[in-house]
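The values are calculated or read from the model by the stated rules, or taken from the named source; none is laboratory data. From a predicted model like this one, the values you see are computed outputs, not experimental measurements. Every residue, glycine among them, receives a Cβ derived from its backbone with ideal geometry; neighbour counts consider all protein chains shown. What goes into the accessible areas is simple: the full protein's heavy atoms, side chains included, and nothing from ligands, DNA or RNA. Shrake-Rupley method; radii C 1.70, N 1.55, O 1.52, S 1.80 Å.
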Amino acid sequence: MKAAAFDYHLPASVEAAVRMLAELGDEAKILAGGQSLVPVMAMRLGRPEHIVDVNRIGELAGVTRSDGMVRVGALTRHRVLERDEAIGATVPLLARAAPYIGHFQIRNRGTLGGSLAHADPAAELPAVAVALDADIEVRSVRGSRRIPAAAFFVSAFTTTLEPDELVTAVHLPAWGRGCGFAVAELARRHGDFAIAGAACGVQVDGDRITRAALALIGMGSVPVRARTAEQALTGASVREADLAAVAREAVAALDPPSDTQGSAAYRRRVGAHMIARALGQALAEAQAQPETGGSK
C-alpha cells in the first residue's frame, strides 16, 4: 500500500516548525528519520493530513557539554550516537545502545528524538534515557520545557508531548571516573526488537559500587527503572555482589506482556539473564579502568 495524500511542509527553523504545529493542529506529524512514521503511513495505519519535515533544521543536531550535562540534539542520527567520539566519551551508554537499533540503513536515518517520541517499549533509547535520568527538551509556541524521562513515557507509543510540541534535544548527565556501561538484550534476529533487555551503568570506588542505574527493555508498556536492583547494588562489594539474585529480584514483581515473541514468564527469565549479563559487563569495565572509565 501507499500513504494517503498529505500536505508537505519544510520549515527552516525550530520557530517556524512549532508555528506550523500550532497552526495545523492534531493532523500534523513530524518527519525526522521517518523509520517509524513512514511504514505506519504506507500501511495506512496512520493518515496525517500534514507532514512537517524538520530535516533541514541544523540547530536540532549536535552535541554540547556544560555543567556536567551533555545536550544531544533531537535530530542526531543513531549512526552518530554509535560513532561520535564525544558521545562515546561523555555518554557511553548511548553509544553502547545504538548498534542494537535495527540495521545500519535504519541507523543512518533514525534519530534520537524520533525514537523517544515514538515511545516503543521494546526500543533501546527510551530505556537509556530512563536509566540515566535524562531530560527531554521540547518546544512549542508557548516556549521550551524539559520533561524528565521518567515522566515522559506514559504507555506504549504514548508520551506527555502535546500535539504542538517538538522534541528539540535530550540532556543527560556525564558520569565521573570509575564507570562502566552495558546493554544486553535478546532478539530473534539481530536488528529485531528486543524480547527483553537491560541498559545499565555502574560506578565503583575501590571494591565498592557507589552508583547504579538500570532500566529494562520490553518488560512493560514503558521502560522499567529497576530501583530495587539499584538500591541492592549501591554500597555493595563488587566481589560479593550476587548479580543473578539481584536480577531475579528486579523482575519478580513485573508483569511483562505476553505475545507471539514469548510469555510473561519467559520474558521474566530472559530479563533476569540480561540484567545479570549487562551488570557483569558494566562492572568489569568499571574495574578495568577505574581512573578513566565513563566520561572524561
Next on the checklist: Test of understanding: among ARG77, ARG47, which residue is surrounded by fewer than 18 Cβ atoms within 10 Å (Cβ to Cβ) and basic (Lys, Arg)?
Outcome noted: ARG47
Checklist entry - Is it true that ALA199 is over 23 Å from the mean Cα position of the chain (by Cα), farther than 14 Å from GLN287 by Cβ and either in the same structural domain as ALA282 (by TED's automatic domain parsing) or surrounded by fewer than 19 Cβ atoms within 10 Å (Cβ to Cβ) (or both)? => result no
Item to check | Residues of region 20-32 satisfying the condition of being modelled with pLDDT under 95 and crowded, with 18+ Cβ neighbours inside 10 Å | outcome: none
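One line per residue, one yes/no per condition, for (1) out of contact with any Phe, Trp or Tyr (no Cβ under 8 Å at 6 or more places or on another chain); (2) touching a residue at least 12 places away in the same chain (Cβ under 8 Å); (3) closer than 17 Å to VAL183 by Cα; (4) not in a helix (DSSP H, G or I):
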| residue | (1), (2), (3), (4) |
| --- | --- |
| ALA212 | yes, yes, yes, yes |
| GLY235 | yes, yes, no, yes |
| ALA245 | yes, no, no, no |
| ALA250 | yes, yes, yes, no |
| ALA272 | yes, yes, yes, no |
Checklist entry - Within the bounds of region 228-243, is there any residue that is aliphatic (A, V, I, L, M), under 21 Å from the mean Cα position of the chain (by Cα) and closer than 20 Å to ALA123 by Cβ? => result no
Checklist entry - Quick one: how many residues across region 167-179 are of a type outside the set (Val, Ile, Thr), in a strand (DSSP E or B) and either within 30 Å of GLY58 (Cα to Cα) or open to solvent by 10 Å² or more (accessible area, probe 1.4 Å) (or both)? => result 4
Checklist entry - For LEU216, are the conditions met, namely being closer than 17 Å to SER115 by Cα and touching a residue at least 24 places away in the same chain (Cβ under 8 Å)? => result yes
Next on the checklist: What are the pairs with Cβ atoms under 9 angstrom where one residue, in region 9-26, is on the phi > 0 side of the Ramachandran plot and the other, located anywhere, is surrounded by 15 or more Cβ atoms within 10 Å (Cβ to Cβ)? Sequence gap at least six, or different chains.
Outcome noted: GLY25/HIS50; GLY25/ASP164
Item to check | Within region 100-166, helices (runs of 4 or more DSSP H) holding 2 or more residues that are among the polar types (S, T, N, Q) and either in contact with a helix residue (DSSP H, G or I) (Cβ under 6 Å, 6 or more places away or on another chain) or crowded, with 24+ Cβ neighbours inside 10 Å (or both) | outcome: none
Item to check | helices (runs of 4 or more DSSP H) lying entirely in region 1-98 (those with 3 or more residues that are under 30 Å from ALA182 (Cβ atoms) and under 22 Å from the mean Cα position of the chain (by Cα)) | outcome: 78-83, 85-90, 92-97
Checklist entry - Restricting to region 259-272, what's the tally of residues that are farther than 17 Å from ARG227 by Cα and either touching a Ser or Thr at 6+ places or on another chain (Cβ under 7 Å) or modelled with pLDDT of 95 or more (or both)? => result 7
Next on the checklist: Looking for something modelled with pLDDT of 95 or more, closer than 27 Å to ALA61 by Cα, assigned to a strand (DSSP E or B) and open to solvent by 20 Å² or more (accessible area, probe 1.4 Å) - is there at least one such residue anywhere in region 180-196?
Outcome noted: no
Item to check | Residues being in contact with an Asp or Glu (Cβ under 7 Å, 6 or more places away or on another chain) and either assigned to a strand (DSSP E or B) or not assigned by TED's automatic domain parsing to the domain that holds ALA194 (or both) - total across region 222-233 | outcome: 0
Checklist entry - So MET69 fits all but one of (1) open to solvent by 20 Å² or more (accessible area, probe 1.4 Å); (2) over 21 Å from VAL138 (Cβ atoms); what number is the exception? => result (2)
